[in-house]
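Asker: One structure coming up, written as structure tokens, with questions to follow.
The values are calculated or read from the model by the stated rules, or taken from the named source; none is laboratory data. Remember, predicted model here, so these are calculated numbers, not experimental data. As a convention, Cβ positions derive from the backbone with ideal geometry for all residues, glycine included, and neighbour counts pool all protein chains shown.
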Amino acid sequence: MTLPSPHEALIYLMVVTSASDRDMTDVEMGRIGVVLKTWPIFQDFDDWKLIRVAQDCQQRLQAENGLGAILADVGRTLPSRLHDTAYAAAFEVASVDLEMRMEELRVLELIRAALSVDAQTIASIERATKARHRTLT
């Protein structure tokens, strides 16, 4: 298979994180849409491609060692300066429903390892994301 584009690689990580518990919720898919519309890194991405990219990711996941292959491809595709952005996108999706399942935590751990994101950066991303998702109730 060919390597994904940088945009596709970022979307793959969000889809993989959402699908990790076998349940891609509407809230998680909605958050992926918000990320695509509001994060500067996606300013030149055509939103209508999201469904095709998500389907491609799901097909890749079904292959033998699908998750490992996706993570390896993402690591080869994205320059190291975007590894923290990639982790932030994945964590954004995982935290949107305010509950982290074991499967999501494990996928996030694998993403951190595959992209060699350092502990201080991880802590900063996670703290900022959690703060952004808090509500008054």
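Asker: Looking only at region 83-115, count every residue that is of a type outside the set (Lys, Arg), over 19 Å from ARG31 (Cβ atoms) and modelled with pLDDT of 95 or more and tell me the total.
Answerer: 6
Asker: Next question, about the same structure. Examine region 42-49 for a residue that is part of a helix (DSSP H, G or I), surrounded by fewer than 12 Cβ atoms within 10 Å (Cβ to Cβ) and among the aromatic types (Phe, Trp, Tyr), and state whether such a residue exists.
Answerer: So far as region 42-49 goes, yes, one or more of its residues are part of a helix (DSSP H, G or I), surrounded by fewer than 12 Cβ atoms within 10 Å (Cβ to Cβ) and among the aromatic types (Phe, Trp, Tyr).
Asker: GLU126 - would you say it is more than 15 Å from ILE11 (Cα to Cα) and modelled with pLDDT of 95 or more?
Answerer: No: the conditions fail for GLU126.
Asker: State yes or no: is GLU103 surrounded by 20 or more Cβ atoms within 10 Å (Cβ to Cβ), in contact (Cβ under 8 Å) with a residue 60 or more places away in the chain and among the charged types (D, E, K, R)?
Answerer: no
Asker: Of everything in region 69-93, what is polar (S, T, N, Q) and either touching a strand residue (DSSP E or B) at 6+ places or on another chain (Cβ under 7 Å) or within 11 Å of THR121 (Cβ to Cβ) (or both)? Give them in sequence order.
Answerer: Listed by number, the list holds a single entry, THR85.
Asker: Output the residue which, of all residues in region 80-99 that are among the charged types (D, E, K, R) and outside any helix (DSSP H, G or I), is surrounded by the fewest Cβ atoms within 10 Å (Cβ to Cβ).
Answerer: Filtering region 80-99 for residues that are among the charged types (D, E, K, R) and outside any helix (DSSP H, G or I), the one surrounded by the fewest Cβ atoms within 10 Å (Cβ to Cβ) comes out as GLU99.
Asker: Restricting to region 21-39, count the residues that are basic (Lys, Arg) and more than 14 Å from the chain's Cα centre (by Cα).
Answerer: Here is the first cut: in region 21-39, the ones basic (Lys, Arg) are 22, 31, 37.
Narrowing the set further to residues that are more than 14 Å from the chain's Cα centre (by Cα) leaves 22, 37.
Here the count works out to 2.
Asker: Considering region 13-38 alone, what residues qualify as being surrounded by fewer than 21 Cβ atoms within 10 Å (Cβ to Cβ), part of a helix (DSSP H, G or I) and hydrophobic (A, V, I, L, M, F, W, C)?
Answerer: The answer is ALA19, VAL27, MET29, VAL34, VAL35.
Asker: On to the next question. Given the condition surrounded by 12 or more Cβ atoms within 10 Å (Cβ to Cβ), without any contact (Cβ under 8 Å) to a residue 24 or more places away in the chain and closer than 24 Å to MET100 by Cα, answer yes or no: does some residue in region 51-67 qualify?
Answerer: Yes: one or more hits.
Asker: Against the condition more than 14 Å from the chain's Cα centre (by Cα) and on the phi < 0 side of the Ramachandran plot, how does ASP46 come out, does it pass?
Answerer: Yes, satisfied.
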